[in-house]
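The structure under discussion appears below in the form of structure tokens.
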Amino acid sequence: MSVPVALPAALAYGIADFAGGLAARRTSVLTVTVTVQLIGLLTLAPAVLLVPGTSSVAALGLGAMAGIGGAGGLLLYLRGLAVGPMGVVAPLSAVVGAGLPLLTGMLAGERPGPVTLLALVVALAAILLAGAGSTRGSVGRSGVLLGLAAGVGFGLFFVALDATPADSGLWPLLAGRLTSTFLLAALVLAPRGGGLTDRLRGVRRSGTLIALSGVFDTAANVGFLLATRLGDLGVSAVVVSLYPVVVVLLARLVLRERLTAVQLTSAGLALGASALLAAGG
């Protein structure tokens, strides 16, 4: 029942990630991330009033935890997309991001079926090949490691958001977005090299991409939360984790991105693992 909602969320995540990653190649990753969060906050605020829900300590607290995990994951992810091949970074982050909710479900007593177990084996092979395919350069290795670390942040976001009360509406998302925006803004405003004027100039250069990323990221988050309310966390997380398909296609069509044979195999295995996880869920 959650799949029809989770699939559009996956599409929205893919568009948001590609736009944000492209902007991060032109502007400071931290500046792009905080601006995306701010635009998302402005988009989300009126939506909170349209979806019935009750604000509570549990909803806001868990939402804030989700926001910290999501912001950290997004920061690492956009950096990975900026320095590494999008066709590898995106699938790896998706596999890890889907794996954590599955692991959480297993610890809670759920038992994965044979298709899910096969997907986990395929995912492990993708991770190992991605690392092997990036040994020629430190930049490639950094992209792989950032993609994996980003997946951990995304997985924590999914798990914390799913734990919020069912009657909380979009209040957890608002709490999470407020928390992440505040923390990232503090980092941007901290004294360091480069002035605020330079950062604002960078935002203007990539304004359209950043705005696109912020709006679609918020829409995807709303879709994921609604999907978890309609079905299981594991199913929703793995279906949403199909977003790399969109990123890979856009990177190929727009950027003409070419992957090595090993990287292409790794990306294909990671995409296959995400599809198997969705089927197994």
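The numbers here are math on the coordinates, done by the rules we state, and not lab data. None of the values given here were measured: they were computed from a predicted structure. Methodologically, a virtual Cβ is constructed for each residue, glycine included, from the backbone with ideal geometry; neighbour enumeration extends over all protein chains shown.
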> So how much slack lies between Val57 and Leu249, counting 0.36 nm per residue of separation and subtracting their Cα-Cα distance, in nm?
Replying inline: 65.0 nm
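Of Phe216, Phe157, how do they rank once you tally other Cβ atoms within 10 Å and put the fewest first?
Phe216, Phe157
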>> Under the 0.36 nm per residue contour assumption, what length would be gained going from the current alpha-carbon distance of Arg25 and Val115 to full extension?
In response: 28.7 nm
> Order of 217-225, 74-82 by packing, highest average Cβ count within 10 Å first?
Replying inline: 74-82, 217-225
> Based on the Kirkwood radius over alpha-carbon pairs, what is the Stokes-Einstein translational diffusion coefficient of region 3-280 at 4 °C with 1.567 mPa s viscosity, in µm²/s?
Replying inline: 70
>> As an exercise, use a Förster radius of 25 Å and the Cβ-Cβ distance of Val188 and Ala45 to find the FRET efficiency, rounded to the nearest 0.05.
In response: 0.75
